[in-house]
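Read through the structure below, which is laid out as structure tokens, and then see the notes.
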Protein chains: 2
Amino acid sequence: MTTISIGFIQFAPKLNNLASTIQTLEQLFQDYVDPTIDLLVLPELGNSGYNFPSPEVAWVSSETVTKSLFIDYLVGQAEKYNLHIVSGFNERSGDKLYNSAVLVGPTGYIGRYRKLHLFLNEKDFFEPGNLGLPIFDIGQAQIGMLVCFDWVFPEAWRVLALKGVDIICHPSNLVLPGLCQSTVPSHALMNHVYVITANRIGTEENLTFTGLSTIAGPTGQVLYQATQTNVEVGLVDVDLSEARDKAITARNDLFADRRVDVYGDLVS
Amino acid sequence: MTTISIGFIQFAPKLNNLASTIQTLEQLFQDYVDPTIDLLVLPELGNSGYNFPSPEVAWVSSETVTKSLFIDYLVGQAEKYNLHIVSGFNERSGDKLYNSAVLVGPTGYIGRYRKLHLFLNEKDFFEPGNLGLPIFDIGQAQIGMLVCFDWVFPEAWRVLALKGVDIICHPSNLVLPGLCQSTVPSHALMNHVYVITANRIGTEENLTFTGLSTIAGPTGQVLYQATQTNVEVGLVDVDLSEARDKAITARNDLFADRRVDVYGDLVS
């Protein structure tokens, strides 16, 4: 058994108001977070909010990973509570923006993933991800990141699983009612990994976000599901050895049984 | 709109007793089937039953596709009711057995699929499938076939969808409680296809089959789900144009949005 404590913070980042978002998070960390927790996932675009009225608002609410009040704040919390944090991040790089997820730990910023599959009007603001599907070692676990609409592409989950992740962290700003949340346990099951889908709540203009942040386990079990509308910190203890063993019967292994001779290997 | 009527027959094939199985089917066809139906799916290993006590029993209950009382019977029904039928089939070929699915229509036997991913003790009786993932034109629709445990490999569903199927026919003898049945709507959703999972009921020695045969649609909706234990014929009218349109928003197409530059194309 390799047990670690994983979870999410379901809340509403404030559109183009990082100071307000950090104030909200500060209260949540004080109230709910302690050093027994190992990994926390926050929603998509945590530093900026989601529903930009214009490219200008998307731009002014973006940050670079090397100069970011939001990352500095998260690193401070990661250090204080000795944990790792994944959060969605409106990332500026040169004159481009990416809908990214960042990973920070007690010693600072570690790495990022840039959303591969952009949803609807995101295409007006962001470049498609260009860093592939990286995985990261956080000491106790190997993790990967996906962002929101990536959920509908089974290839993305599979590639991360085949690369050896124990946990897929999935910052989201889901607006379709429960579709992703009902599918996440299937992704966890078919890849025998843990999944943390951290969705947001609240409304930005015409978009209402659907909460129901979900932690699912390798046998397809829903380990925790938040409400649709409340601020909520969801935490569960998980045994990583369950994600590392891909045997699902005495004679079936989810990965060894794959027919790569028929459909290729996905990971090159 | 291209509306067709699709469904399944959930019943219990009789182990190594084809005459009894055909008698059961004969009554079900008389009671429930009529010429308004276009496509029916029967469970896995419909001609033989599932839980063979020995390789000998698997062998004696097998048939070749060219000389099969079971296929002859199904072709007769397909002709009588002017429909297509997919059924699981214990297929003998030379000195080998395959856990196959066969497709028949009003004019006779059309084709087969051989199960790619064998479950548990099936490995004692059957060879792994060696015909890839073929698709078939039944006039109104393009269909593909998967068999039971194939469900846990998202690659198989994706390849069939990318090849252009409207409907995936999925004869099954599921024993795990509801896992597949809860995942089928996700496969339908992520590939925007219809899925007919025709499971069996009943018990063979230590195995109890879990029914809950399911028809799911392109938006992840469960269109019909049978009971866990009853003989049942499930029928729904479906609009094939829904499966042919892979757009899920005005700016998102499930196939065009795939990042084949990152994870390859699956279909070579």
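What are the ³J(HN,Hα) values, in whole Hz, obtained from phi via the Karplus relation 6.51 cos²θ - 1.76 cosθ + 1.60 with θ = phi - 60°, for each residue of segment B:193-202 in sequence order, with x given for Gly and Pro?
Computed from phi, the couplings for segment B:193-202 are 10, 8, 10, 10, 9, 9, 9, 9, 10, x Hz.
Would you please put A:81-91, A:156-166, B:126-136 in order of how densely packed they are, using the mean number of other Cβ atoms within 10 angstrom per residue and starting with the highest?
Sorting A:81-91, A:156-166, B:126-136 by mean packing, highest first, produces A:81-91, A:156-166, B:126-136.
From Cα pairs below 8 angstrom and at least 6 apart in sequence, can you work out the relative contact order of chain B, rounded to a whole percent?
In percent, rounded to a whole number, it is 20.
Report ³J(HN,Hα) in whole Hz for each residue of segment A:173-179, in order, from the Karplus equation J = 6.51 cos²θ - 1.76 cosθ + 1.60 where θ = phi - 60°; Gly and Pro get x.
10, 6, 10, 6, x, x, 4
If you line up the long axis of helix A:69-81 against the longest principal axis of chain A, both from Cα atoms, how many degrees apart are they, to the nearest 10?
Between the helix axis and the principal axis of chain A, the angle is about 50 degrees.
Short version: what are the Cα gyration tensor semi-axes of segment B:67-197, square root of 5 times each eigenvalue, largest first, in whole Å?
Here the semi-axes work out to 22, 20, 13 Å.
Using a 1.4 Å probe on the protein chains only, how many percent of the accessible area of the protein assembly as shown belongs to carbon and sulfur?
Reported share for carbon and sulfur atoms: 51 percent.
Quick one: P(r) of segment B:120-268 from all Cα-Cα pairs, 10 Å bins, percents rounded to integers, in order of increasing distance.
Bins of 10 Å from zero give 11, 39, 34, 14, 2, 0 percent of pairs.
Give me a single rounded figure for B:120-126: the average over its residues of other chain Cβ atoms within 10 Å of their Cβ.
2
For A:D38, B:D245, what's the largest-to-smallest order of accessible area, 1.4 Å probe?
Descending order: B:D245, A:D38.
For B:L176, which inter-copy label distances result when the label point lies 7 Å beyond Cα on the Cα-to-Cβ vector, reported in nm to one decimal and in ascending order?
2.4
Calculated FRET efficiency, B:N17 and A:T229, Cβ-Cβ r, R0 60 Å, to nearest 0.05?
FRET efficiency, B:N17 to A:T229: 0.60.
Nearest 10 degrees, 0 to 90: what angle lies between the long axis of helix A:18-32 and the longest principal axis of chain A (Cα atoms)?
That helix lies at roughly 50 degrees to the long axis.
Let me see the P(r) profile for segment B:1-119: every Cα-Cα distance counted, bins of 10 Å, each bin given as a percent of all pairs.
The percentages, shortest bin first, are 14, 48, 30, 8, 1.
Loop only by DSSP, 16 or fewer other Cβ within 10 Å of the Cβ. Give me the chymotrypsin sites (Phe, Trp or Tyr not before Pro) in segment A:173-255 that pass, ordered by residue number.
The qualifying sites are A:F255.
Say each of B:T203 and A:A256 gets a label point 7 Å from the Cα, pointing the same way as Cα to Cβ; how far apart are those two points in nm?
My value for the distance between the label points is 3.2 nm.
Remind me, relative contact order of segment A:68-218 in percent, using alpha carbon pairs under 8 angstrom and six or more residues apart?
Rounded, it is 15 percent for segment A:68-218.
Please tell me the relative contact order of segment A:14-95 in percent, rounded to the nearest whole number, where contacts are Cα pairs under 8 Å and at least six residues apart.
Reported relative contact order: 43 percent.
How much of the calculated P(r) for segment B:3-267 lies past 31 Å, in percent of all Cα pairs?
19
Might you work out the accessible area of A:V262 for me, using a 1.4 Å probe with all protein chains in place, and round it to the nearest 10 Å²?
For A:V262, the solvent-accessible surface is approximately 40 Å².
I need two numbers for the protein assembly as shown: Rg to one decimal and Dmax as a whole number, Cα atoms only, in Å.
Expressed in Å, the Cα Rg and Dmax of the protein assembly as shown come to 24.8, 76.
Quick one: label points 7 angstrom along Cα→Cβ at A:K67, distances to the other copies in nm, smallest first?
Result, one decimal in nm: 8.2.
Please work out how much accessible surface A:S5 shows to a 1.4 Å probe, ignoring ligands, DNA and RNA, in Å² rounded to 10.
10
Which GluC sites (Glu not before Pro) in segment B:155-237 sit in a loop by DSSP (not H, G, I, E or B) and have at most 12 other Cβ atoms within 10 Å of their own Cβ?
In loop regions of segment B:155-237 (DSSP not H, G, I, E or B), the sparsely surrounded GluC sites (Glu not before Pro) are B:E205.
Can you say what percent of the DSSP beta bridges in the protein assembly as shown, counting only those with both residues inside, are antiparallel? Round to 5.
70
Per-residue accessible area for A:D261 at 1.4 Å probe radius, Å² rounded to 10?
The value for A:D261 is about 110 Å².
Among all the aspartates and glutamates, which ones have a C-alpha under 14 Å from A:K96's C-alpha, if same-chain residues fewer than 8 places away are not counted?
Candidates past the 8-residue exclusion: A:E56, A:E63, A:E122, A:D124, A:E127.
Averaged over its residues, how many other protein chain Cβ atoms are within 10 Å of peptide B:196-207's Cβ atoms?
If you average over the peptide's residues, the count of other-chain Cβ atoms is 0.
Protein chains only, probe 1.4 Å: how do A:R244, B:R258 rank by accessible area, largest first?
Greatest to least solvent exposure: A:R244, B:R258.
Enter the mean number of other protein chain beta carbons within 10 Å of the beta carbon of each residue in B:253-264, as an integer.
6
Expressed as cubic angstrom per residue, what is the convex hull volume of the alpha carbon set of segment B:1-63?
Given the Cα convex hull of segment B:1-63, per-residue volume reads 97 Å³.
Once the label point is set 7 Å along the Cα-to-beta-carbon vector, what list of distances in nm do you get between B:D124 and its counterparts in the other copies?
Its label point is 6.3 nm from the equivalent points in the other copies.
Considering only A:V175, A:S186, A:G234, whose Cα is most displaced toward the positive end of the charge dipole of segment A:156-238, charges sitting on Cβ of Lys, Arg (+1) and Asp, Glu (-1)?
The one lying farthest along the dipole's positive direction is A:S186.
Just B:A141, B:A256, B:A243 to compare: in a GNM of chain B, with alpha carbon springs under 10 Å, which one fluctuates most?
Highest fluctuation of the listed residues: B:A256.
Which of the lysines could be linked to B:K246 by a straight reach, that is with a Cα gap under 17 Å, when you skip same-chain ones fewer than 8 residues away?
B:K163
Tally the DSSP beta bridges in segment A:3-267 and give the antiparallel ones as a percent, rounded to 5.
Within segment A:3-267, antiparallel bridges account for around 70 percent of the total.
The values are calculated or read from the model by the stated rules, or taken from the named source; none is laboratory data. These numbers were taken from a predicted model, which means no experiment stands behind them. With ideal geometry, Cβ positions are generated from the backbone for all residues, glycine too; neighbour counts draw on all protein chains shown. The accessibility values were calculated without ligands, DNA or RNA, using every heavy atom of the protein model including side chains. Shrake-Rupley method; radii C 1.70, N 1.55, O 1.52, S 1.80 Å.
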